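In what follows, a structure is listed as structure tokens, so that the remarks can point back to it.
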Amino acid sequence: MRSDKSRRRFVFLCVAPATILFFLFMILPTLNVFRMSLYERGAYSPNETFVGLKNFQHLLKDTQFIRSMQNMILLVVVVTIVTFAFALVFAAILTREKIKGQNFFRVIFYIPNILSVVVISGIFSAIYKPENGMLNSIIGLFRDMTDPILWKGEKLVIPSIILAMVWQAVGYYMVMYMASMSSVPASLYESANLDGAGRLTQFFQITIPLIWTNIRTTLTFFIISTINMAFLFVKAMTSGGPNGASDVALSYMYSQKDAGLYGYSMAIGVVIFLFSFALSACVNKATDRDPLEF
């Protein structure tokens, strides 16, 4: 009995600090965001006026907020699909094909992930520079560039951000999937070869199902993190410009806070929180399947 009590006391002392900190710095602030979304208040004013759901009603009519949500959803969907497609293909090639210097390619692909978003944004901003950027300079070798392409203009700013985000993330997930694929028994591929299955069939019928648990876990985390990463890239590369064309929900929330609309920005925060929660639940449900063992 004494040993059980001592064990429980030890477990409690280990868990209590983390639980208290989580409650103070995660649960309470989140609840306060929900509370403040029901009030009208300036960013630096202690005066609060209860307005109920007025902030949320205004969101439905705010065209810039709707546009920022559309941009965020577009970035989440496209960046996720492209990143995971490239990561899986590169991982399969480097794992199954006899390529010299596999460790070298691992390091090269992984380097973007250890760079800060500010550094990556600076690199791509230089590449996208209209006058003497690398991209326009290369295109200029094949066509007249009297009227340079504005890669960060209203029409191309979102694809430009997508390219930067994919370049930053693909190497990390490639390395993760290489580790998973290397654990798949070679005998399964040998049997598939004997049955006449090609590399593409083996990839979809053997590799993907056997590493699906890893894909599902990383997919959920990546989608949620992309919401935050989209804000960081937008803030560092474009600050929401030009004319709000690259604004995402988080950057728009901050701009409203800076404009003094604190309660309104908290309402935007609530919408983002609920969207993230619903999205993660949908992804978990859609990707749920019985794990395969080998």
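Computed from label points 7 Å out along Cα-Cβ, the spacing between Phe34 and Arg7 is 3.6 nm. Here the gap between Ile224 and Asp62, fully extended at 0.36 nm per residue and compared with their Cα-Cα distance, gives a gain of 55.9 nm.
For the pair the stretch 45-84 / the stretch 221-294, the C-alpha centres are spaced 8 Å from each other.
Residue-normalised convex hull volume from the C-alpha trace of the stretch 147-294: 145 Å³ per residue. Report the Stokes-Einstein translational diffusion coefficient (µm² s⁻¹, integer) for the chain, Rh taken as the Kirkwood radius over Cα pairs, at 10 °C with viscosity 1.306 mPa s. Rounded to a whole number, D works out at 70 µm²/s.
Mind checking the per residue accessible area of the stretch 1-112 for me, 1.4 Å probe, whole number of Å²?
Values: 8130 Å² over 112 residues.
Roughly 73 Å² per residue, with all protein chains present.
Against the compact-protein benchmark of 2.2 N^0.38 Å, the Cα-based radius of gyration of the stretch 10-102 scales to 1.89.
Working note: Debye formula, equal point scatterers on the alpha-carbon atoms of the stretch 1-41, no solvent; log10 I(q)/I(0) at q = 0.29 Å⁻¹ is -0.88. When peptides 72-83, 115-126, 20-31, 273-284 are ranked by their average number of other Cβ atoms within 10 Å per residue, the highest-first order is 72-83, 115-126, 273-284, 20-31. Computed over the chain, the per-residue total of -39500 (n - 2.57) for DSSP H runs of n ≥ 4 gives a 222 nm mean residue ellipticity of -22500 deg cm²/dmol, rounded to 500. Any number yet on Rg/Rh for the stretch 222-292, C-alpha, Kirkwood? With Rh from the inverse mean 1/r over Cα pairs, Rg/Rh is 1.11.
Scanning residues 5 or more positions from Glu40 or on other chains, those with amide H under 5 Å from its amide H are Thr49, Phe50, Val51, with H placed 1.01 Å from N in the peptide plane. Counting only trypsin sites (Lys or Arg not before Pro) that DSSP places in a loop and that have at most 16 other Cβ atoms within 10 Å, the longest clean stretch of the chain runs over 156-288.
Using a 1.4 angstrom probe on heavy atoms only, work out the carbon and sulfur share of the accessible area of the stretch 60-152 in %. Please report the intermediate quantities before stating the final value.
Values: 4040 of 5790 Å².
Carbon with sulfur: 70 percent of the solvent-accessible area.
Taking a Cβ cut-off of under 14 Å around Ala259, the surrounding Lys, Arg, Asp and Glu residues balance to a net charge of -2, with basic ones at +1 and acidic ones at -1.
Could you work out the Kirkwood radius for the stretch 189-265, taking every pair of different alpha carbons, averaging 1/r and inverting it, reported in Å? Walk me through the intermediate numbers first.
Values: mean 1/r = 0.0627 Å⁻¹.
Hydrodynamic radius (Kirkwood, Cα only) of the stretch 189-265 equals 16.0 Å.
By the Kirkwood approach, averaging reciprocal distances over each pair of separate Cα atoms, the stretch 126-210 gets a hydrodynamic radius of 16.6 Å.
The values are calculated or read from the model by the stated rules, or taken from the named source; none is laboratory data. Predicted model only: the values in this text are computed from it and were never measured. Quick reminder, even Gly has a Cβ in these numbers, built from the backbone with ideal geometry, and neighbours come from all protein chains shown. What goes into the accessible areas is simple: the full protein's heavy atoms, side chains included, and nothing from ligands, DNA or RNA. Shrake-Rupley method; radii C 1.70, N 1.55, O 1.52, S 1.80 Å.
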